[in-house]
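Engineer: Once you've had a glance at the structure underneath, I'll fire off some questions.
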Amino acid sequence: MEFPFWIHPDIAGGQLIASIAILHVFISHFAVGMGLYVVMAEQKAVKNEDWELLNFVKTNSSLILFISAILGALTGVGIWFSIALVSPAGTGSLISIFVWGWASEWVFFVLEISALLMYYYTWDKISQRTHIFIGWLYFIGAFFSLVIIAGIIAFQLTPGTWNTDRTFWSGFFNASYLPQVVGRFGISLILAAVYSTLVLSFTKNERVKKTAGHFSGIFAAVGFILTFGGFYWWELSLPQNIQGLLSGGNVILTNFFRYASFTALGLAIVSLFFTFVIPKKINIVVAVILMVTGLYSFGYYEFARERARKPYIIMNYMYANGILTSEVSKLNKDGILSKTGWTELGKPDTKIGKGRAVFEAECVSCHKIKGYNALTPKMQGMGEQDIAFFLTMLDSNPLMPPFVGTETERKALAAYLNKEINGGS
Amino acid sequence: MESINLIPSFLPIGISSPPALFVFFLTFTFFLHIIFVNLTLGGSLLLLTSKYISKVYGDNNYNMIAEELGYLNTFNISLTVTTGVAPLLFIQTIYGNFFYTSSVLLSFKWLFVLAAVIFAYYFYYLYKMKPLYIRYSGGKGIIFIVFAALLFLYVAFMLVSNTVLSTHPEAWKEVYLNKRAFFDLPTLLPRYIHFVFAATAFAGLFLMVYSRMKKSFSKELKEKMYSFGKKSFFIVTLAQIPVGIWLLLSHEKEIMMLLMGGSLLGTISFIIALVAAISALVVIMLKKDNIYLLTGIGVAIIIFMVLIRRVIENGYFSKYVNIYNMETNPQWGIFAIFLLLLLAVLGIIGFTLFKINRELKPKNK
């Protein structure tokens with residue numbers, strides 16, 4: 001809103017964030033689960049003096065180093081960079097409200113990365129006791145990162161009493177927080193099992209394949225129980241109107257949530273069958289199928305969760321375009337363009353020019369004329385008057401914020417959209 | 001003034017602690033970050049230099065210095081990223097309205113920083129592990145370090161650019177309308193060179209210390225590593241004097257004067273840093289180089305340069321806003337938890353490193 005908008009003709013902000021975020025959640029949850037997997041498997045191998053299993057564990061730990069410490073860490077920062085470019089006001093609010101929460105998360109990040117480096121580079125060089133101790137440190141660091149970030153993500157959807165009392169704790173311990181922690185921890189365990197099949201598919205030793213396969217199976221089984229339980233609980237923890245949207249009220253949302261559940265169920269059946277019944281048959285094809293299914297399932301869920309929050313960035317506080325619910329009536333009187341000097345820069349002082357400035361101030365953070373969340377199919381063939389009328393009832397769609405601004409601004413926006421979409425003048 | 005109209009206002013929520021606390025943590029965590037930045041960026045440049053020397057003079061010791069730097073830098077990159085998150089968090093908390101705006105103006109060029117670090121990091125691992133045919137190739141994968149160094153130079157340039165652009169709101173409009181290039185800002189080039197040189201000098205100092213610490217190196221290698229580090233430190237620090245003056249003069253007069261009487265902290269820090277740098281050069285010229293003394297001087301220079309940086313940036317920002325006027329809505333509970341966690345985690349990491357060190361030693365004997 002008050003910031004310049006970051007506009008690139010071919011890439012929509014939402015797509016950019018999504019492509020980085022999906023990669024990141026897939027890696028970061030794996031990093032949590034695999035942390036537990038590796039240290040527990042190491043304990044098991046040491047206890048049974050199973051040195052072949054220990055070698056398998058070692059390879060798994062290299063996956064954490066090369067995937068999570070590099071790609072995971074930097075895509076995490078990447079989400080932050082990209083959301084700050086696309087919606088600086090929303091990012092700034094989340095940073096401000098939870099700054100010491102983020103700082104605490106950073107402390108666990110420091111622990112996670114330091115422990116990971118110490119763990120990986122001391123294999124076979126220090127006592128097993130100390131090595132296992134470091135393994136647990138890694139898991140604690142990774143797990144508590146999840147515990148903190150889950151609170152902030154859940155806050156966006158269910159801020160609860162924060163909207164009235166504005167304290168850290170009422171924002172953090174919100175209604176959908178614990179269900180998120182349980183569900184996400186479940187996903188972490190599943191992903192650890194899924195990634196381990198990748199290492200298993202290259203393992204020649206049949207005995208290790210069987211032992212480690214069963215071990216992965218237990219992770220997957222516990223993971224599925226926590227995931228399904230957690231996300232069922234999550235759905236129940238949401239306000240009635242959002243529950244309604246997820247169960248039939250909104251087609252896209254309902255489908256995304258269903259696809260997430262069905263693909264997760266499919267993943268459960270296939271992975272449990274391979275890890276428990278025929279672990280020796282695990283090969284690269286199976287591993288890749290499991291990975292891709294996992295990615296789809298998780299991706300659908302994250303999309304559903306993000307969309308369920310629409311039209312807000314922070315429920316009932318800030319709309320997706322950065323406008324605060326509390327400033328709507330003021331902006332309706334003074335005009336949306338009174339809030340920012342940015343969007344009018346370099347545009348002609350005409351009706352169309354004003355309309356484009358309003359478009360950039362209010363619409364472009366989610367919509368493009370053509371392409372992602374395109375406006376063209378919605379307004380094709382409408383006249384300028386029709387579009388202007390249409391804009392008065394945007395929020396009849398529960399996922400859309402109302403048009404904010406003066407009547408002149410609304411008419412200017414209609415003229416601009418009509419020109420871009422229908423070639424009007 | 002039009003630029004004032006373009007600066008977004010503070011968020012209405014208020015910040016969760018008095019602003020001074022954020023300034024303190026910003027400065028402290030930036031100090032940690034810049035140490036690893038110096039080792040990573042300066043180390044990459046010294047790695048390439050020593051590899052070049054080993055090629056030209058056929059001296060394998062320099063090749064070993066390059067390999068050692070390649071091994072160490074994977075850790076440094078990780079720690080640079082890890083320590084970099086905290087200052088980024090605190091700068092956004094108090095100067096978000098400036099920082100977000102300049103980030104948006106840099107857009108893809110800013111976002112590409114992350115891709116650059118990811119690629120550079122993997123390039124370093126290719127050099128370190130030398131998988132497949134790389135270990136049999138002529139350059140032993142040095143080409144990857146050439147790429148990595150270029151990427152790090154790019155990353156440093158963008159971070160300097162973002163800082164400079166955020167402190168110059170009067171240039172935003174023209175940059176936004178593509179009438180002016182962001183790298184046209186007056187302090188940007190000297191500031192960038194000053195940073196890259198500082199990184200190289202510090203990495204040279206690190207090599208001096210490291211050569212004395214490593215027991216497993218041959219005497220010859222230790223000596224060569226020490227003198228290579230010393231030469232790098234000396235030459236680059238000497239070059240910092242004209243570059244530093246250039247940077248100083250590139251600031252507007254009122255900002256420049258902050259270091260010469262305008263600000264007490266700025267003036268004291270400036271004098272100490274200057275005296276420290278000159279005394280380091282003198283100590284080396286007189287061949288009285290004591291490793292503890294030089295390390296102390298090096299760290300002192302960084303501390304006071306970080307303080308100078310804070311004074312300068314604060315000087316620019318305070319032309320437009322006073323962060324101390326920000327509305328505060330203190331949340332002390334979570335702050336106390338953060339502080340305890342920080343101390344606990346630093347303690348645990350220290351304890352674990354101590355334990356590892358003790359268990360590793362018997363094998364070296």
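Engineer: Scanning region A:113-140 for residues that are without any contact (Cβ under 8 Å) to a residue 40 or more places away in the chain and more than 7 Å from chain B (Cβ to nearest Cβ), which turns out farthest from B:PHE351 (Cα to Cα)?
Structural biologist: Looking at the filtered set, the residue picked out is A:ASP124.
Engineer: Here are B:ILE291, B:ILE312: which of them is in contact with a helix residue (DSSP H, G or I) (Cβ under 7 Å, 6 or more places away or on another chain), over 30 Å from A:ILE134 (Cα atoms), more than 10 Å from chain A (Cβ to nearest Cβ) and buried (at least 16 other Cβ atoms within 10 Å of the Cβ)?
Structural biologist: Just one listed residue meets the conditions, B:ILE312.
Engineer: Still on this model: Pairs needed: first member in region B:50-64, of a type in the set (A, V, I, L, M); second member anywhere, surrounded by 18 or more Cβ atoms within 10 Å (Cβ to Cβ); C-beta distance under 7 Å; at least 6 residues apart or different chains.
Structural biologist: Filtered contacts from region B:50-64: B:ILE53/B:TYR62; B:MET64/B:LEU221.
Engineer: Here is a further query. Filter region A:221-246 for residues that are farther than 13 Å from A:LEU157 by Cα and in contact with an Asp or Glu (Cβ under 8 Å, 6 or more places away or on another chain) and give the result.
Structural biologist: Within region A:221-246, just A:LEU246 meets the criteria.
Engineer: Hey, another quick one. In this structure, does B:VAL146 turn out to be among the β-branched types (Val, Ile, Thr) and without any contact (Cβ under 8 Å) to a residue 60 or more places away in the chain?
Structural biologist: Working: among the β-branched types (Val, Ile, Thr): yes; without any contact (Cβ under 8 Å) to a residue 60 or more places away in the chain: no.
Criteria not met by B:VAL146.
Engineer: Another question, then. Before we move on, is B:THR352 among the hydroxyl-bearing types (Ser, Thr, Tyr), within 14 Å of chain A (Cβ to nearest Cβ) and surrounded by 14 or more Cβ atoms within 10 Å (Cβ to Cβ)?
Structural biologist: Judged against the criteria, B:THR352 is a match.
Engineer: Of the conditions (1) in contact (Cβ under 8 Å) with a residue 12 or more places away in the chain; (2) among the small types (Gly, Ala, Ser); (3) at the interface with chain B (Cβ under 8 Å from one of its Cβ atoms); (4) buried (at least 23 other Cβ atoms within 10 Å of the Cβ), A:GLY92 satisfies every one except a single condition; which number is it?
Structural biologist: If we test A:GLY92 against (1) in contact (Cβ under 8 Å) with a residue 12 or more places away in the chain; (2) among the small types (Gly, Ala, Ser); (3) at the interface with chain B (Cβ under 8 Å from one of its Cβ atoms); (4) buried (at least 23 other Cβ atoms within 10 Å of the Cβ), just (1) comes out false.
To keep it simple, each residue is scored yes or no on (1) touching a residue at least 12 places away in the same chain (Cβ under 8 Å); (2) over 21 Å from A:LEU117 (Cα atoms); (3) within 11 Å of chain B (Cβ to nearest Cβ).
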{"residue": "A:SER62", "(1), (2), (3)": "yes, no, yes"}
{"residue": "A:ILE70", "(1), (2), (3)": "no, no, yes"}
{"residue": "A:LEU85", "(1), (2), (3)": "yes, yes, yes"}
{"residue": "A:ILE97", "(1), (2), (3)": "yes, yes, yes"}
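Engineer: Checking the condition within 30 Å of A:SER93 (Cα to Cα), within 10 Å of another protein chain (Cβ to nearest Cβ) and in a helix (DSSP H, G or I), which residue from B:SER78, B:SER161 passes?
Structural biologist: B:SER78
Engineer: Tally time: how many residues in region B:85-107 are part of a helix (DSSP H, G or I) and at the interface with another protein chain (Cβ under 7 Å from one of its Cβ atoms)?
Structural biologist: Total meeting the criteria: 11.
Engineer: Looking only at residues that are of a type in the set (Ser, Thr, Tyr) and within 17 Å of the chain's Cα centre (by Cα) in region B:66-86, which one is nearest to A:LEU111 (Cα to Cα)?
Structural biologist: In this case the residue turns out to be B:THR82.
Engineer: In region B:168-218, what residues are over 30 Å from A:LYS347 (Cβ atoms) and among the hydroxyl-bearing types (Ser, Thr, Tyr)?
Structural biologist: B:THR187, B:TYR192, B:THR200, B:TYR210, B:SER211, B:SER216, B:SER218
Engineer: A follow-up question, please. For B:ILE15, state whether it is more than 14 Å from the chain's Cα centre (by Cα), facing another protein chain (nearest Cβ under 10 Å), of a type outside the set (Gly, Ala, Ser) and surrounded by 22 or more Cβ atoms within 10 Å (Cβ to Cβ).
Structural biologist: yes
Engineer: What number of residues in region B:22-47 are touching a residue at least 24 places away in the same chain (Cβ under 8 Å) and either within 12 Å of another protein chain (Cβ to nearest Cβ) or farther than 30 Å from B:ASN61 by Cα (or both)?
Structural biologist: Keep residues of region B:22-47 that are touching a residue at least 24 places away in the same chain (Cβ under 8 Å), which gives B:22-23, B:25-27, B:29-47.
Keeping just the survivors that are either within 12 Å of another protein chain (Cβ to nearest Cβ) or farther than 30 Å from B:ASN61 by Cα (or both) gives B:22-23, B:25-27, B:29-33, B:36.
Final tally of qualifying residues: 11.
Engineer: Only one of (1) surrounded by fewer than 21 Cβ atoms within 10 Å (Cβ to Cβ); (2) out of contact with any Leu (no Cβ under 7 Å at 6 or more places or on another chain) is not met by B:MET64, so which one is it?
Structural biologist: Status for B:MET64: all satisfied but (2).
Engineer: Checking A:ILE64 against (1) more than 24 Å from B:SER9 (Cα to Cα); (2) touching a Phe, Trp or Tyr at 6+ places or on another chain (Cβ under 6 Å); (3) crowded, with 23+ Cβ neighbours inside 10 Å, only one condition comes out false. Which one?
Structural biologist: A:ILE64 satisfies every listed condition except (2).
Engineer: Further question: Please specify each residue of region A:378-409 satisfying the condition of being within 33 Å of the chain's Cα centre (by Cα) and either assigned to a helix (DSSP H, G or I) or outside the structural domain of A:PHE359 (by TED's automatic domain parsing) (or both).
Structural biologist: Correct list: A:LYS378, A:MET379, A:PHE390, A:LEU391, A:THR392, A:LEU394, A:ASP395, A:SER396.
Engineer: Would you check if B:PHE234 is within 21 Å of the chain's Cα centre (by Cα) and among the aromatic types (Phe, Trp, Tyr)?
Structural biologist: Working: within 21 Å of the chain's Cα centre (by Cα): yes; among the aromatic types (Phe, Trp, Tyr): yes.
Answer is yes for this residue.
The values are calculated or read from the model by the stated rules, or taken from the named source; none is laboratory data. As the structure is a computational prediction, the values presented were derived from the model and not from experiment. Methodologically, a virtual Cβ is constructed for each residue, glycine included, from the backbone with ideal geometry; neighbour enumeration extends over all protein chains shown.
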